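Student: Have a look at this one before I ask anything.
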């Protein structure tokens, strides 16, 4: 038995996965990444978390499972059908706020206001990863995490753009050039993950 098999899954996850399959969707937060998210966010008691790319709420479930009662999660997506599933399973949790918004526009607006930053930003979609990267990184507080996944080529994902590898290469070069961050590359693990910590 692997270590992750001995750790309970979030209680909402089975139902979310059933609803996700019902929509004919297969692209969501992988279970190994979910365990990582839960562990990272549990190190930030009372922390503020941002998830870019709610999808149907799979990653959201893992984040909430690691958060304490004082922590707060903002999560956003522009797909109303996916958000319908996420809201069905997460709206009752007072720790989470779900936004239906264009990620790039939301990040541009949020990066220029005077609101507080985040202890963890999980970039699970294009904005905040392949676009609007500066805005996403600017929201990470000192000691906070920036986590990005889906960096490995996955042929079984038919929705993956053909230029995905080039986009990932450009992203990694960009992130490597930035001062003031520690990096933990896990590119050969799960779907390909990079964890960065702001110094």
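A short reminder: the numbers here are calculations on the coordinates, not readings from a lab. All values derive from a computational prediction rather than experimental measurement. Don't worry about glycine lacking a Cβ; one is built from the backbone with ideal geometry, like all the others, and counts go over all protein chains shown.
Student: Please give the Cα centre distance for region 75-122 versus region 3-65, rounded to the nearest Å.
Tutor: 15 Å
Student: Another question about this same structure. Note down the nm distance, to one decimal, between modelled labels 7 Å out along Cα→Cβ at residue 99 and at residue 42.
Tutor: 2.9 nm
Student: Follow-up question, since we're still on this one. If I take every Cα pair under 8 Å that is 6 or more residues apart in region 15-155, average their sequence separation and divide by the length, what percent do I get for the relative contact order? Provide the component values of the computation, followed by the final result.
Tutor: Values: 248 pairs, mean separation 31.7, N = 141.
Relative contact order, region 15-155: 23 percent.
Student: Assuming 0.36 nm per residue, please report the length gained on full extension of the stretch residue 88 to residue 174 beyond their Cα-Cα distance.
Tutor: Details: separation 86, 0.36 × 86 = 30.96 nm, distance 3.72 nm.
The residue 88-residue 174 span can extend by a further 27.2 nm.
Student: Assuming R0 = 25 Å, what is the FRET efficiency of residue 114 and residue 134, from their Cβ-Cβ distance, to the nearest 0.05? Don't skip to the answer; put the middle values down first.
Tutor: Details: r = 18 Å, r/R0 = 0.71.
Given R0 = 25 Å and the Cβ-Cβ separation, E is 0.90.
Student: Next question. For semi-axes √(5λ) of the Cα gyration tensor in Å, which listed value, (i) 28, 21, 16; (ii) 52, 14, 13; (iii) 23, 20, 18, comes from the coordinates shown?
Tutor: Entry (iii).
Student: Okay, helix-only estimate at 222 nm for the chain: each DSSP H run of n ≥ 4 adds -39500 (n - 2.57), divide by all residues, round to 500 deg cm²/dmol; what do you get? It would help to have the intermediate numbers written out before the result.
Tutor: Details: 7 runs with 70 residues, N = 199.
So the calculated ellipticity at 222 nm is -10500 deg cm²/dmol.
Student: A follow-up question, please. Pick out which of 57, 180, 126 has the largest mean-square fluctuation in a Gaussian network model of the chain, springs linking Cα atoms closer than 10 Å.
Tutor: 180
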